[in-house]
Amino acid sequence: MSGKEIEVVQNIYDENDKIALETKASLEELGIFVVNVMGAPGAGKTSSIINIIRNLPEEKIYVIEGDIESDLDTVKLKDLGINTIQINTGGACHLDAPTIKNALQNLEFSQPGILFIENIGNLVCPAEFQIGEHIKMLICSAAEGSDKPYKYPLAFEKADVILLTKCDLKEYVDFNDDFFLKGIRGLNKSVPVFEVNAKTGQGFSAVAEWLKHKSH
Amino acid sequence: MHEYPITEQIVKIASDKAKENNARKVTRIALVVGEYSGFIGESIQMYFDIISKGTICEGAFLEIEKIKAKWYCPACDIYYLRQPFSFACPQCGKDGEPTSIGKEFYVKNIEVET
Ligand SMILES: Nc1nc2c(ncn2[C@@H]2O[C@H](COP(=O)(O)OP(=O)(O)OP(=O)(O)O)[C@@H](O)[C@H]2O)c(=O)[nH]1
Ligand SMILES: [Mg+2]
Ligand SMILES: [Zn+2]
C-alpha cells in the first residue's frame, strides 16, 4: 500500500464550457445571436426582453425562459406572438450548458435572428456558467439598491451590457447613481450602462440599437 | 442545489485520472476554490460523500484550498484585498482592476493507492 500524488490541474467548468462553445458555434451557423439575460428575481428581465423586442420589429426573435417553476413568463411572451420555449429547472439556481443544449432540440430556427435566454433569477450562480451566449446582459433594478456591484462583483464584471431598470423608482429608494456607477467602473471599465423604465418603454430604443449593432 | 452537478464533475475528473494511472483507490482530492467561484466547500463535501459512494473515490478526503479575490493597481503595480464597498487601491486610492485571483475552481491533484 503506497500513497502517490498525481498532478491534475483541471478546471471543473471545462466540461460545461466545452458544451457551451459547441452550442454557440452551431447557433452561429444558423445566424443566431445569443443573449444570456441575467439578474436578481423580479429585477425586470422579462419586462426588459419584451421592451427590447418591441424596438426590434425587423428582427426574428426567439426566447428561452428559464424558471425554477411555472410558465407565466412564457405565456406572456407567446401572447405577444414570440417564439418561446420554457425550461423548468426544478430547483436549480442557474442554467448550464447541457440544459440549454437539450432545450434547443425543441426550438426550430426558421431564419437568422436573436435568441434571448432568460436565466434563473439569481445574481450569483448564472455569472459562472457559460450557456452558449455571445453576450451576457445584466438586468439590475434601481429597487435593489446602488450597492449591488460591490456585493455581487462577478455578475457586473462579466456583463457585456447592463440595464438599470425601474428608473422610475429611483426617487423612492434613494438610489445613488454615482456610487452605483463607480462600483461598475471598478469592475468593468467599458461595459455600456443603459437606464430604462419598462412602464413607459423609456430607454429601450437605445438598448435595441446597441444590440442590433452588436449582433450584425 | 448548485453544488450537485459540480461535485459529480469533480468525482469524474478524479476517477478518470486515477484509472489512467491504474490506481485502486483515491484517498485525497485537492481542490482550489476561489472566493468568487461561488462554491461552498462544506456543500461540496456533503454531496461528495453521496456521489462518490460506490466509485473509486469513495471515502476520499476532500482538501479545499480557498483563495481570496485580489485586485490589481496598474499605477502602483500591487495586488491587494479590497475593502467592503470599495475597489480602491490602499496605496493611491484609485480603483484598480479585478484579476483572475479568486476565481479559481479546479482539481489540483489527487492522492491514490495503487
Ligand atoms: N415600476 C417599474 N416596475 C417594473 C419595471 N420593470 C418591471 N417592473 C415590474 O417588476 C415586476 C417584475 O418584473 P419581471 O419582468 O417579471 O421581472 P423578472 O426579472 O423577469 O422576474 P422573474 O423572472 O420572476 O425573476 C413586475 O411586476 C413588473 O411589472 C420598471 O421599469 N418600473
Ligand atoms: Mg421573468
Ligand atoms: Zn494604486
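Points worth noting:
- Counting, for every residue in B:16-25, the Cβ atoms of other protein chains within 10 Å of its Cβ and taking the mean gives 2.
- Amide H to amide H, with H built 1.01 Å from N, A:VAL34 comes under 5 Å of A:LEU115, A:HIS134, A:ILE135, counting only residues 5 or more places away or on other chains.
- Taking 27 Å as the limit for the C-alpha separation, the pairs A:LYS136/A:LYS170; A:LYS18/A:LYS76; A:LYS189/B:LYS103; A:LYS101/B:LYS66; A:LYS60/A:LYS101; B:LYS19/B:LYS70 exceed it in the case of A:LYS18/A:LYS76; A:LYS101/B:LYS66; B:LYS19/B:LYS70.
- Taking GluC sites (Glu not before Pro) in DSSP loop conformation with at most 13 other Cβ atoms inside 10 Å as exposed sites, chain A has its longest uninterrupted site-free stretch at A:109-216.
- In degrees, nearest ten, helix B:41-51 long axis to first principal axis of chain B (Cα): 20
- Dividing the mean sequence gap of close Cα pairs (under 8 Å, 6+ apart) by how many residues chain A holds gives a relative contact order of 26 percent.
- 5 angstrom amide H check on B:CYS89, placed H, neighbours 5+ away: B:LYS94, B:ASP95, B:GLY96
- Other residues with beta-carbon under 10 Å from the beta-carbon of A:VAL191 carry, at +1 per Lys or Arg and -1 per Asp or Glu, a net charge of +2.
- Considering every alpha-carbon pair of the protein assembly as shown, the percent of pairs per 10 Å bin, from zero through the bin containing the longest distance, is 5, 23, 29, 24, 13, 4, 1, 0.
- Taking the centroid of alpha carbons for each part, region A:149-216 and region A:81-137 are 21 Å apart.
- Residue with peak Gaussian network fluctuation, chain A [Cα springs, cutoff 10 Å], from A:LEU123, A:LEU107, A:LEU115: A:LEU107
- Under 5 Å, built H, 5+ apart or other chain: amide partners of B:ARG28: B:PHE61, B:GLU111
- Under a Gaussian network description of chain A, with springs only between Cα atoms under 10 Å, the residue in A:TYR62, A:TYR152, A:TYR172 that fluctuates furthest is A:TYR172.
- Counting only the Cα atoms, region A:64-216 fills a convex hull of 127 Å³ per residue.
- Over chain A: helical MRE at 222 nm, DSSP H runs n ≥ 4 each giving -39500 (n - 2.57), nearest 500: -10000 deg cm²/dmol
- Loop-resident trypsin sites (Lys or Arg not before Pro) (DSSP state other than H, G, I, E or B) in region B:41-114 with no more than 12 further Cβ atoms inside 10 Å of their Cβ: B:LYS53, B:LYS68.
- FRET efficiency for A:GLN105 and B:ILE78, using Cβ-Cβ distance with R0 set to 35 Å, rounded to 0.05: 0.10
- Other protein chain C-beta atoms within 10 Å of residue C-beta, averaged over A:148-157: 3.
- The label-point distance for A:GLU29 and B:ARG28, in a model that sets each label 7 Å from Cα toward Cβ, rounds to 4.6 nm.
- Tilt relative to chain B, helix B:3-20 - C-alpha long axis, 0 to 90 degrees, to 10: 60
- Contact order relative to length of region A:18-140, as percent, for alpha carbon pairs under 8 angstrom and 6 or more apart: 48
- Sum of -39500 (n - 2.57) over DSSP H runs of 4+, divided by residues of chain B (222 nm, nearest 500): -8500 deg cm²/dmol
- Computed over neighbours whose Cβ is under 14 Å from that of B:GLY96, the net charge equals +2, Lys and Arg +1, Asp and Glu -1.
- Residues B:LYS12 and A:THR200, FRET efficiency given R0 of 45 Å [Cβ-Cβ distance, rounded to 0.05]: 0.35
- Among A:LEU181, B:LEU31, the sequence by solvent-accessible area, most first, with a 1.4 Å probe is A:LEU181, B:LEU31.
The values are calculated or read from the model by the stated rules, or taken from the named source; none is laboratory data. Predicted, not measured: the structure shown is a model, and the values here were computed from it. Using ideal geometry, Cβ is built from the backbone for each residue, glycine included, and neighbour counts are taken over all protein chains shown. These accessible areas exclude ligands, DNA and RNA; they are computed on the full protein's heavy atoms, side chains included. Shrake-Rupley method; radii C 1.70, N 1.55, O 1.52, S 1.80 Å.
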